[in-house]
1. Is there a residue in the stretch 123-144 that is over 30 Å from Val223 (Cβ atoms), assigned to a loop (DSSP other than H, G, I, E, B) and within 14 Å of the ligand (Cβ to nearest atom)?
2. Report, by residue number, each residue of the stretch 112-145 that is of a type in the set (S, T, N, Q) and either touching a strand residue (DSSP E or B) at 6+ places or on another chain (Cβ under 7 Å) or open to solvent by less than 10 Å² (accessible area, probe 1.4 Å) (or both).
3. Could you look through the stretch 61-82, keep only residues that are crowded, with 24+ Cβ neighbours inside 10 Å and within 6 Å of the ligand (Cβ to nearest atom), and pick out the one that is farthest from Phe126 (Cα to Cα)?
4. Pairs needed: first member in the stretch 24-43, within 9 Å of the ligand (Cβ to nearest atom); second member anywhere, open to solvent by less than 50 Å² (accessible area, probe 1.4 Å); C-beta distance under 6 Å; at least 6 residues apart or different chains.
5. Return the pair list, or none, for Cβ contacts closer than 7 Å from residues in the stretch 51-67 that are closer than 15 Å to Lys146 by Cβ to residues that are within 11 Å of the ligand (Cβ to nearest atom), at least 6 apart or on different chains.
6. Just the residues that are within 21 Å of Tyr152 (Cα to Cα), away from the ligand (no atom under 12 Å from the Cβ) and among the hydroxyl-bearing types (Ser, Thr, Tyr), please, taken from the stretch 83-121.
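The values are calculated or read from the model by the stated rules, or taken from the named source; none is laboratory data. Owing to the predicted nature of the structure, the values given are computational and were not obtained by experimental measurement. Here the Cβ is made from the backbone with ideal geometry for all residues, glycine too, and neighbour counts use every protein chain on show. In case anyone asks, the SASA skips ligands and DNA or RNA and just uses the protein heavy atoms, side chains included. Shrake-Rupley method; radii C 1.70, N 1.55, O 1.52, S 1.80 Å.
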Amino acid sequence: MIENLPTEYIRTDFGHEVYDEWYLQHGNYNFEAPDFVKRHIPFYQQALGLSHKDYILDAGCGIGSYTREFARCGFPVIGMDLSSNFLSVARQNTLHENLEIEYILGDYNEMSFQDEFSVIFFEGSFFYKSREGLVSLLSGIYKALKSDGRLYFVHPNQTIIKKKYPWTKQTEIQKNVFIHQNAEYDEENEGETHTWLKIDYNTNRHFKCDFFVKLLSPKQLKVCLDEAGFRVIHFYKKRRLEDFQPNYDNGFSLVAFKN
Ligand SMILES: C[S@@+](CC[C@H](N)C(=O)[O-])C[C@H]1O[C@@H](n2cnc3c(N)ncnc32)[C@H](O)[C@@H]1O
């Protein structure tokens, strides 16, 4: 049956209209729940030394889960995402709460801000495909930050990730949508290769997607951050103030200071 269906290849996941449509229905678990977000605000406040004068860019804000929480807590914030589908949900939710937040459609790899933000914040949205791409992204972030600016992102720990690969997840989920996901750690390219298949039995639409995400080690990341100009870098346990343990933790929260 699979062979007879029309196949559409989608080269990337986020930002593709069809994928985002699917994501909003079935992949919603990738956006953080309000309770989870709220719980980690004290960590961001301390690790980033947030003040109410700070201007935050929530990069890859998705449906605005973190953007809205920052606004609720009184921090000036703006959301950016490359998906117009996600941003329209973010705008609706923001309106329902009577909050005022600007959302901009854009690719954070292409941003050309200068001395604009106090904090550039990525939660589950910091992706790069090559070392060069990463250094270029970090240089853009460095430029976009004010002189006391801070960069924040969450990143998987390559050492632990390597141990759990390859994995295959095969599910049959609601609304007649069959999903097959497979991921492998690609030793040569130091990253994750994902393949993903969706068959919608209602419409007979069949989509296939494959994408690669590079995952540098903390040491390699430090070198790239240094190349982009960042000098002071701190690795925390994910969303916690304790120090990151490279041999135990599956990921870390990183804060880098412009000065
Ligand atoms: C797993 S979601 C996390 C969203 C949000 N930070 C949260 O935790 O609820 C990743 C988000 O990053 C966005 N994204 C991925 N690459 C991006 C890019 N190059 N520029 C802007 N947004 C991007 C995706 O569209 C998606 O909304």
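1. No, the stretch 123-144 contains no residue that is over 30 Å from Val223 (Cβ atoms), assigned to a loop (DSSP other than H, G, I, E, B) and within 14 Å of the ligand (Cβ to nearest atom).
2. Matches in the stretch 112-145: Ser118, Ser125, Ser130.
3. Tyr66
4. Listed pairs, sorted by first residue: Phe31/Gly62; Phe31/Ile63; Phe31/Ser65; Glu32/Ser65; Val37/Ser65; Val37/Tyr66; Val37/Glu69.
5. Pairs found: Ile56/Phe121; Leu57/Met80; Leu57/Phe121.
6. Once the filter is applied, which keeps residues that are within 21 Å of Tyr152 (Cα to Cα), away from the ligand (no atom under 12 Å from the Cβ) and among the hydroxyl-bearing types (Ser, Thr, Tyr), the stretch 83-121 yields Ser112, Ser118.
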